[in-house]
1. If you go through the stretch 98-108 one residue at a time, how many are crowded, with 16+ Cβ neighbours inside 10 Å and farther than 10 Å from ALA120 by Cα?
2. Looking for whichever is out of contact with any Gly (no Cβ under 6 Å at 6 or more places or on another chain), hydroxyl-bearing (Ser, Thr, Tyr), free of Cβ contacts under 8 Å to residues at least 12 places away in the same chain and closer than 24 Å to THR27 by Cα here; the options are SER107, SER142, SER114. Which one fits?
3. Going residue by residue through the stretch 14-24, is there one that turns out to be among the aromatic types (Phe, Trp, Tyr), over 28 Å from ASP111 (Cβ atoms) and in contact with a strand residue (DSSP E or B) (Cβ under 8 Å, 6 or more places away or on another chain)?
4. Say whether the condition of being in contact (Cβ under 8 Å) with a residue 40 or more places away in the chain and among the basic types (Lys, Arg) is met by at least one residue in the stretch 56-70.
5. Would you confirm, using the coordinates I've provided, whether SER94 is over 16 Å from ASP118 (Cβ atoms) and of a type in the set (Ser, Thr, Tyr)?
6. Does ILE117 satisfy the criteria of being among the β-branched types (Val, Ile, Thr), touching a Ser or Thr at 6+ places or on another chain (Cβ under 8 Å), buried (at least 16 other Cβ atoms within 10 Å of the Cβ) and closer than 22 Å to VAL19 by Cα?
7. Do the conditions hold for ASP111, that is, is it under 16 Å from the mean Cα position of the chain (by Cα) and not aromatic (Phe, Trp, Tyr)?
8. Filter the stretch 26-61 for residues that are under 27 Å from THR80 (Cα atoms), hydroxyl-bearing (Ser, Thr, Tyr) and over 14 Å from the mean Cα position of the chain (by Cα) and give the result.
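Values in this text are rule-based calculations from the coordinates and carry no lab data. Values in this document were obtained by computation on a predicted structure and should not be read as measured data. Here the Cβ is made from the backbone with ideal geometry for all residues, glycine too, and neighbour counts use every protein chain on show.
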Amino acid sequence: MTKDVMITVCGMQYDENGVAQPIEVITPGDYYFKNNKHYVIFDELIEGTGGVTRSTFKFSKDECLMKRTGAANVQMIFNTANKTVSSYLTPFGSFMIGIDTNSIDCSESEDSISVDIDYALDVNYEYLADCKLRVDIKPRGSQISLQ
């Protein structure tokens, strides 16, 4: 895998009425492999705020960590052995999120890496939804397939 990559993040976003809406972000980023862990770093414009959030996605076959800093701040830890809780700070306020990870599936080939995460999400200690997150990483210039 090259350092310069295209990252596709697919997941669900919930509106103010609790209705799930699919969300997809495709953005350039940087890829590294260090100490048996994969890293991708990318910037994302936060809709409605004009602010930018830097995301670092660090993962192995057993655990994934998504750290976001900037307009929104959170550290989400996906680990099938433990439920994790963290504070999520946004331009619109802060709240606690809980992540109870059901499965993490990493697949890699010479020119792509995919991570699928299945988890339950709670907000302020109240169950919100069962969620799925998919992160695809490919060298820049390769074909991106929309799902």
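1. Start the filter on the stretch 98-108 by keeping residues that are crowded, with 16+ Cβ neighbours inside 10 Å, which leaves 98-101, 104, 106.
If we keep only those that are farther than 10 Å from ALA120 by Cα too, we end up with 104, 106.
Residues in the stretch 98-108 being crowded, with 16+ Cβ neighbours inside 10 Å and farther than 10 Å from ALA120 by Cα: 2 in total.
2. Only one candidate passes the filter, namely SER107.
3. yes
4. If we filter the stretch 56-70 for residues that are in contact (Cβ under 8 Å) with a residue 40 or more places away in the chain, which is where we start, we get 57, 59-64.
Next, from what is left, pick out any that are among the basic types (Lys, Arg): 61.
Yes: one or more hits.
5. yes
6. Values: among the β-branched types (Val, Ile, Thr): yes; touching a Ser or Thr at 6+ places or on another chain (Cβ under 8 Å): yes; buried (at least 16 other Cβ atoms within 10 Å of the Cβ): yes; closer than 22 Å to VAL19 by Cα: yes.
So ILE117 fits the description; yes.
7. Numbers: under 16 Å from the mean Cα position of the chain (by Cα): no; not aromatic (Phe, Trp, Tyr): yes.
No.
8. TYR31, TYR32
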